[in-house]
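Computed from the coordinates by the stated procedures, all read-outs in this text should not be read as laboratory data. Note that the coordinates shown come from a computational prediction; the quantities given were computed from them, not determined experimentally. Here the Cβ positions follow ideal geometry from the backbone for every residue, glycine too, while neighbour counts run over all protein chains shown.
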Amino acid sequence: MKKRLTFYFLLPCFMFAGCHTRESEPLSAVIERGLQVATQQALSMAKELEHREGQFPKTISPDGTLETSYYDWWGSGFFPGTLWYLYEENPTPELKKYAELYTARVEPAKNLTNTHDLGFMLNCSFGNGYRITRNPQYKEVIITGAYSLATRYHPEVCAIRSWDFNREKWQFPVIIDNMMNLELLIRASEASGDTRFGDMANAHAKTTKENHFRPDYSSYHVVSYDTLTGSPHAKQTHQGFSDESAWARGQAWGLYGYTAMYRETGNAAYLELARQIGTFIMNHPDMPEDKIPYWDFNAPDMPAAKRDASAAAIMASAFVELSRLDHTPFGKECLVMAEQQVRSLSSPHYLAEAGSNHHFILKHSVGNLPGNSEIDVPLAYADYYYIEALLRLK
Ligand code: GLY
């Protein structure tokens, strides 16, 4: 009788997800909850901008309004990429219609030669679209974009030029973020049979491995090379706290970039570096308990410093991937770390309630704090990598 009473007393508890403390909520439920919010938010956003020709969601402006961008913004590919991921998981005609619509808006970027961000722009949009649909038109865009990106490769430096501004300061700047453009070159090699794209990606990854990392495996944001000798002449920051600090999103790009390069090439040196970057991140004494990093690991005003959800989302996605590729106990640690980050990002502090947050999915990211821009706001790329992390975990 006593057993029976206990059973009936507990039954309603099991019927309501709210009965779980956040920590005890099964991971599968966290993932489904995140995907549900993401789908609602992304569809509302897609409808809101449907008739605003050529626009993509970017962030929320200081005046509280939705800030949008056009195809030439470095993050134009993230919203279509988010829609492709959600469509892949839940193939409805509506998600496909919007994924195609916003992907088409990015297409003019394939001819840009004044930016290194073509991997972000084209691989997240057309790359995911091609992977899922095999639409031959998407393949053509990937190849054309790779030719445009290849114009920025310098054979003496053995790297792709990142930025064209600050020429008086930097001869040939390469930023750690540029590791994220290499997958486009690999996809283009496969799609076109032109192995030069893959060779450039490898050369860029090797040059960055040699020059961007400090003895503790944190990385500089910007390394500028002398184009005559091919050697670095400056190591600085642009979005971090100081030249010698570890800008959180930069560490995330490095982790993600070398994990992806190991997956694509099987080069053990890339796996080793990914492990070393991952160790720096996981063991950092100033990584908060919830594993959402401060915007810079050396931010001067911790614990008041702003957190960067975008860095956490990129790290989480990379850590899941690394755990899949690394069959040592370290791989298991990566998965634990990713799960902690995803759980934190899925808590009410970071995950928006459906219908709020101007239809962005996550809150509390930092774009460029020294530039006094995008501080403690939603960002389209935080959303993209959060969804990617959820799906990789799933
Ligand atoms: N690549 C731009 C950024 O991470 O802010």
Roughly how many nanometres apart are two label points built 7 Å out from the Cα toward the Cβ at GLU272 and ASP243? 2.9 nm
To the nearest 20 Debye, how big is the dipole of the range 252-394 about its Cα centre, given +1 on the beta carbon of each Lys and Arg and -1 on that of each Asp and Glu? 340 debye
Along the range 190-196, Karplus-curve 3J(HN,Hα) (6.51, -1.76, 1.60; θ = phi - 60°) to the nearest Hz, with x for Gly and Pro, reads 4, 6, 9, x, 8, 6, 4
Selected from GLN137, PRO108, LEU95, residue furthest toward positive end of dipole (the range 94-160; charges at beta carbon): LEU95
To the nearest 20 debye, the range 289-361 has a Cα-centred charge dipole, built from +1 on Lys and Arg Cβ and -1 on Asp and Glu Cβ, of 120 debye
Taking the chain as a Gaussian network, Cα atoms linked when under 10 Å apart, which of THR259, THR103, THR279 shows the biggest mean-square fluctuation? THR279
Expressed in nm to one decimal, what extension gain is obtained for the pair ALA29 and ASP72 from 0.36 nm per residue of sequence separation less their Cα-Cα distance? 11.8 nm
Amide N proximity, the range 37-62 versus ILE132 label position 7 Å along Cα-to-Cβ, cut-off under 12 Å: 39, 43
Label-point separation, ASP301 to ARG196 (7 Å along Cα→Cβ), nm: 5.0 nm
Sequence-distant lysines (8 or more away, or on other chains) whose Cα lies within less than 17 Å of LYS58: LYS47, LYS363
Roughly how many debye, to the nearest 20, is the charge dipole of the chain about its Cα centre, given +1 on each Lys and Arg Cβ, -1 on each Asp and Glu Cβ, and no other charges? 1020 debye
Between GLN40 and GLU94, what is 0.36 nm times their sequence separation minus the Cα-Cα distance? Round to one decimal in nm. 18.3 nm
For THR65 and SER356, what is the calculated FRET efficiency with R₀ set at 25 Å and r taken between the beta-carbons, to the nearest 0.05? 0.95
